[in-house]
Every structure is written in structure tokens, then in C-alpha cells.
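Engineer: One structure, as C-alpha cells, below. Some questions next.
The values are calculated or read from the model by the stated rules, or taken from the named source; none is laboratory data. This structure is a prediction, so every number in the text was calculated from the model and none was measured. Here Cβ is always computed from backbone atoms with ideal geometry, including for glycine, and neighbour counts include all displayed protein chains. Surface areas here come from the heavy atoms of the whole protein model, side chains and all, with no ligands, DNA or RNA. Shrake-Rupley method; radii C 1.70, N 1.55, O 1.52, S 1.80 Å.
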Amino acid sequence: MRTVYSNTRRPKLVKWGCIIFGVICVASFILYAVLKNDISLLSFVNSLVLFTLLFAQQKLSTYTIDDEADTITLNYQKKYPLRLSDIKTITYKENKKGKFRSLFIHDSGLGFMDIRTSRENADKITAQLLAANPSAEVKHANYI
């Protein structure tokens with residue numbers, strides 16, 4: 001069984017919002033450059049476009065758990081999947097107040113995966129990983 005988890009509840013809305021915001025940034029920069037004939041705004045617009053791309057990459061990333069192939073993969077790291085049978089620890093990273101930050105999965109060797117998602121998705125992923133590998137240990141780590 002192949003299950004795909006997304007980082008956001010509405011991936012199409014995030015994708016189209018980022019595309020529209022990027023187009024508005026580029027169009028406003030071109031309009032400003034044509035009307036003012038000045039390129040001092042270039043660094044500001046570049047930072048906005050870079051922020052949009054990084055936000056889209058983080059929010060639109062998906063995690064695929066394939067029980068038949070015994071792997072978990074991240075959409076932009078398909079070359080390096082983790083084997084479900086090799087997972088040793090699943091760590092919930094939280095801040096000092098207990099707010100969830102990310103899910104850190106480590107296998108018996110050098111492989112690891114840091115999943116930045118919501119607490120609800122982390123609980124679903126953990127339940128599916130524990131069903132595939134009951135010997136995995138679940139930990140909670142508090143960071144600043």
C-alpha cells in the first residue's frame with residue numbers, strides 16, 4: 001500500500017498562491033524598472049521571489065510511505081529512500097513549551113529524514129511506521 005502525506009492541507013491553494021505571488025513580484029519589478037529606470041529594487045524583489053520558492057518547496061513537499069517496497073521517500077530526495085524495516089528511532093522534536101516542530105526518523109545506519117509537517121500528520125506517519133516496524137522506538141526531544 002502506498003500512502004502520500006502532504007505538508008499542507010490545501011496543496012493546490014498553496015501552489016497557485018505562490019505562483020500568483022511570484023508573478024506579481026516579477027511584474028511589479030518590471031513595471032518599476034520601466035517607469036523609474038532604476039534597478040535598486042532588484043535585491044528586494046529577488047528576496048521576495050526566493051522566499052516564495054522556499055515557502056513553496058517546504059509546503060508542497062510530500063512524503064511517500066510504500067509498504068510493499070518497504071521505503072519512505074521525500075519527493076525531492078527520491079534517490080535516497082529509507083527502509084522501513086531499518087528504522088531504529090522516531091523522534092518528535094518539540095520546543096521547551098512542548099510545541100511540535102518536526103519528526104526525525106533515524107535508521108540503524110547513517111540514514112535519517114527530518115520531516116517538517118503538522119502534529120496530526122506526524123502522528124499518522126508514526127502510526128504507519130510502527131505498523132510496518134514494531135521494533136522502532138518513539139522518543140520526544142525538547143529543544144530551544
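Engineer: Within the set of pairs 6 or more residues apart or between chains, which connect a residue that is β-branched (Val, Ile, Thr) inside region 1-18 to a residue that is open to solvent by less than 40 Å² (accessible area, probe 1.4 Å) and in a strand (DSSP E or B) with Cβ atoms less than 6 Å apart?
Structural biologist: Partner pairs satisfying both residue conditions: THR3/ILE65; VAL4/THR62; VAL4/THR64.
Engineer: In region 120-141, what residues are more than 21 Å from MET1 (Cα to Cα), out of contact with any helix residue (DSSP H, G or I) (no Cβ under 9 Å at 6 or more places or on another chain) and either hydrophobic (A, V, I, L, M, F, W, C) or open to solvent by less than 80 Å² (accessible area, probe 1.4 Å) (or both)?
Structural biologist: The one that is more than 21 Å from MET1 (Cα to Cα), out of contact with any helix residue (DSSP H, G or I) (no Cβ under 9 Å at 6 or more places or on another chain) and either hydrophobic (A, V, I, L, M, F, W, C) or open to solvent by less than 80 Å² (accessible area, probe 1.4 Å) (or both): ALA141.
Engineer: I've got another one for you. Please go through region 50-72 and give me each residue that is open to solvent by 20 Å² or more (accessible area, probe 1.4 Å), under 8 Å from the mean Cα position of the chain (by Cα) and touching a residue at least 40 places away in the same chain (Cβ under 8 Å), ordered by number.
Structural biologist: Hits for region 50-72 are GLN58, LYS59, LEU60, THR62.
Engineer: Write out, first by first residue and then by second, each pair whose Cβ atoms fall under 8 Å of each other, whose residues are 6+ apart or on separate chains, and whose first residue, in region 90-104, is open to solvent by 20 Å² or more (accessible area, probe 1.4 Å) while the second is among the aliphatic types (A, V, I, L, M) and outside any strand (DSSP E or B).
Structural biologist: What qualifies is ASN95/ILE144; LYS96/ILE144; PHE100/ALA122.
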